[in-house]
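A.B. asks: Quick one: this structure, given as structure tokens, is what I'll be asking you about.
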Amino acid sequence: MNRCRILFISNLFPNPLEPHRAAFSRHQISALSEFATVDVIAPIAWTTRGRDRIPKSRSDLGCEIFYPTYWYTPGTLRSLYGKFFYYSIRAIATHLLSSRTYDFIYSTWLFPDGFAAARLAYDYNIPCFQNVVGTDVNRLLPDSPLTRHSLQVINQSQKIVAVSKALKQHLVKLGVDPAKIEVVYNGVDRTIFRIMDKQAIRSKLSLGDNKKYILFVGNLKKEKGLRELASAFAQLSSNKENGHISLVLIGSGPYEKEMRELLITGGVEQKVIFLGTRTQQEIAEWMNVCDVFCLPSYSEGQPNVVIEALACGARIVATNVGGIPELDRGQGGIRLVEPCSSDALAAALDEMLNAEIVTAECDFICSWQENAEQVFRIFEESGASDL
């Protein structure tokens, strides 16, 4: 039997300038390469500084990866982004599709990535599958041009793989047939995100035994609830009963400057540690030693950082949005609050900081190999080819 071949198309994929970009895509595609030969088209926006240092192609993760330039008009003509994306990748896609036999095309992010993937699938009569991960669905409003384009992509696809039930429900409300959507939760790299010896890690990181740590991991964007986190942390720090607490931020992004200003205004800047971008191994260590992991986002799909924190045995305070409530199995390790409320966030953090230690209930979390197996089974059962 010939080995199946997949063409994966998405800007959500690592590149030499951004090796940690979209880690979930890297893990899933690497795991899928155990079942099939995977070629990747991962366009780089023309506005990316230093993109001339990125090779046109390279081999990595068991895949051949191509990096064409994505040409578009920043901030304007957004309804044409799908066509811009399509024409930006058409040359390399045409070369690959004409010289190699693909069983199907797979894409992450409905528009513009999925739009281009679906059009190529139509051009070459190849079944197409879409992976939806969060904002690409949550931003869709009834009767908007973006929604119409996205629904067109869905109509042209064999199946939609959603990372949470909440995303599926949102699409169903927009008129998508629920039978067309399969829910497959993202996995974790169990060799990295696992329960470790907390004392050994604390010693390695030179952390004091009498200190408590609240950890945030993610893009430093306002939409991640950083304003509320800054305010909530200032409230907690003013309560002497909480003792010595520190806020640790891992990540980078456009909101960092304003976040620092908010912390200075709250008088707590000396208690906050900005670590910037860190490796997954370092993140896993901090998830093991933190007293509470916090993600106060305004909206989410199914955030990998929460799944990874659970796998590390962390207690969680997060907002009741997207697929996050689906991770709460009623064992007491997760507290959910409504978004945009610093008071509610402070109360939940205070409760979890002082709660008895709860053993994490994380048996339901799958590995990336298990995730890829579920996704590949969807391809098989949808009759994409004689796999």
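A.B. asks: If contacts are Cα pairs under 8 angstrom and at least 6 residues apart, what is the relative contact order of the chain in percent?
C.D. replies: Working: 733 pairs, mean separation 59.4, N = 387.
Relative contact order comes out at 15 percent.
A.B. asks: While we're on this one: Which trypsin sites (Lys or Arg not before Pro) from the stretch 1-61 combine a DSSP loop assignment with at most 16 other Cβ atoms within 10 Å? Write down the numbers at each step before the final one.
C.D. replies: Details: sites: 3, 5, 21, 26, 49, 51, 53, 56, 58; in loops: 3, 21, 49, 56.
The qualifying sites are 3, 21, 49, 56.
A.B. asks: Please list, short to long, the whole-number percent of alpha-carbon pairs of the stretch 106-197 in consecutive 5 angstrom bins beginning at zero.
C.D. replies: For the stretch 106-197, the binned pair fractions read 3, 14, 24, 23, 14, 8, 5, 4, 2, 1, 0 percent.
A.B. asks: Right, next: How much length, in nm to one decimal, is gained on full extension between residue 48 and residue 222, taken as 0.36 nm per residue of separation minus their Cα-Cα distance? Before the final figure, lay out each step's value.
C.D. replies: Details: separation 174, 0.36 × 174 = 62.64 nm, distance 2.17 nm.
60.5 nm is the gain from fully extending residue 48 to residue 222.
A.B. asks: What are the equivalent ellipsoid semi-axes of the stretch 188-256, built from the alpha-carbon gyration tensor (square roots of five times its eigenvalues), in whole angstrom, biggest first? Let's see the in-between values first.
C.D. replies: Numbers: eigenvalues 109, 85, 17 Å².
Ellipsoid half-lengths, sorted descending, are 23, 21, 9 Å.
A.B. asks: Could you tell me the center-to-center distance, by alpha carbons, between the stretch 280-318 and the stretch 111-183 in angstrom?
C.D. replies: 28 Å
A.B. asks: Right, here's the next one. If each residue of separation counts as 0.36 nm, what is the full-extension length gain between residue 58 and residue 270 once their alpha-carbon separation is subtracted? Let's see the in-between values first.
C.D. replies: Values: separation 212, 0.36 × 212 = 76.32 nm, distance 4.37 nm.
In short, 72.0 nm is gained.
A.B. asks: Another one. Using alpha carbons only, how many degrees (0 to 90, rounded to 10) separate the axis of helix 342-353 from the longest principal axis of the chain?
C.D. replies: Roughly 70 degrees between the two axes.
A.B. asks: Let me ask another. Using the basic label-point model (7 angstrom from Cα toward the beta carbon), what is the residue 73 to residue 143 distance in nanometres?
C.D. replies: In this crude spin-label approximation the distance works out to 2.6 nm.
A.B. asks: What does the convex hull of the Cα atoms come to per residue for the chain, in Å³? Don't skip to the answer; put the middle values down first.
C.D. replies: Values: hull volume 56.6 nm³, N = 387.
Cα convex hull per residue, to the nearest whole number: 146 Å³.
A.B. asks: If the elastic network links every pair of Cα atoms under 10 Å, which of 131, 320, 239 fluctuates the most in the Gaussian network model of the chain?
C.D. replies: Per the Cα network of the chain with a 10 Å cutoff, 239 tops the list.
A.B. asks: Can you return the lysines within cross-link range of residue 165? Criterion is Cα-Cα under 17 Å, with same-chain partners fewer than 8 residues away left out.
C.D. replies: 173, 180
A.B. asks: Would you list, by chain and number, the lysines whose Cα falls below 18 Å from the Cα of residue 224, excluding same-chain residues fewer than 8 positions away?
C.D. replies: 257
A.B. asks: Here's a follow-up. Only Cα pairs under 8 Å and at least 6 apart count here; give the relative contact order of the stretch 198-353 as a rounded whole percent.
C.D. replies: Numbers: 277 pairs, mean separation 40.8, N = 156.
Reported relative contact order: 26 percent.
A.B. asks: Moving on to the next point. On a straight-distance basis, which aspartates and glutamates could pair with residue 83 in a cross-link, Cα separation under 13 angstrom, same-chain partners fewer than 8 positions away excluded?
C.D. replies: Qualifying aspartates and glutamates at Cα under 13 Å: 113.
A.B. asks: While we're here: Which value, in debye to the nearest 20, gives the size of the charge dipole of the stretch 198-353 about its Cα centre, when Lys and Arg are +1 and Asp and Glu are -1 at the Cβ?
C.D. replies: Numbers: 17 positive and 19 negative charges, 85 e Å.
Using Cβ point charges on Lys, Arg, Asp and Glu, the stretch 198-353 gives about 400 debye.
A.B. asks: Also: Under the classification rounded if a/c is under 1.5, otherwise prolate if a/b is larger than b/c and oblate if not, where does the stretch 198-353 fall, given a ≥ b ≥ c as square roots of the Cα gyration tensor eigenvalues?
C.D. replies: On the way: a/c = 1.21, a/b = 1.03, b/c = 1.18.
Cα axes put the stretch 198-353 in the rounded bin.
A.B. asks: By how many degrees, between 0 and 90 and to the nearest 10, does the Cα long axis of helix 256-265 differ from the longest principal axis of the chain?
C.D. replies: Tilt of helix 256-265: around 20 degrees.
A.B. asks: Could I have the simple spin-label model distance between residue 204 and residue 257, label points 7 Å from Cα toward Cβ, reported in nm to one decimal?
C.D. replies: Computed distance between label sites residue 204 and residue 257 equals 3.6 nm.
A.B. asks: So, one more: Nearest 0.05, what FRET efficiency do residue 123 and residue 2 give at R0 = 25 Å with Cβ-Cβ as r?
C.D. replies: Working: r = 23 Å, r/R0 = 0.91.
For R0 = 25 Å, the calculated efficiency reads 0.65.
A.B. asks: Taking the Cβ of each residue in 241, 351 as the centre, tally the other Cβ atoms inside 10 Å and list the residues starting with the fewest. Could the numbers behind the result be given before it?
C.D. replies: On the way: 241 8, 351 13.
With the fewest neighbours first, 241, 351 line up as 241, 351.
A.B. asks: State to the nearest 20 debye the size of the charge dipole of the chain about its Cα centre, where the only charges are +1 on K and R beta carbons and -1 on D and E beta carbons. Before the final figure, lay out each step's value.
C.D. replies: Working: 41 positive and 42 negative charges, 218 e Å.
Computed charge dipole of the chain: roughly 1040 debye.
A.B. asks: Next up: For the Cα atoms of the chain, what angle does the longest principal axis make with the long axis of helix 81-99, in degrees from 0 to 90, nearest 10?
C.D. replies: Value to nearest ten degrees: 60.
A.B. asks: Quick check on the exposure proxy: order 71, 286, 109 from fewest to most C-beta atoms within 10 angstrom. Could the numbers behind the result be given before it?
C.D. replies: Numbers: 71 13, 286 23, 109 26.
By the 10 Å Cβ count, ascending, the order reads 71, 286, 109.
A.B. asks: In what sequence do 197, 136 fall when counting other Cβ within 10 Å, fewest first? Display every interim value, and only then the final one.
C.D. replies: Numbers: 197 11, 136 23.
With the sparsest Cβ surroundings first, the list reads 197, 136.
Every number here is computed from the coordinates shown, using simple stated rules; none is lab data. Note that the structure is predicted; figures quoted are calculated from it, not measured. As a convention, Cβ positions derive from the backbone with ideal geometry for all residues, glycine included, and neighbour counts pool all protein chains shown.
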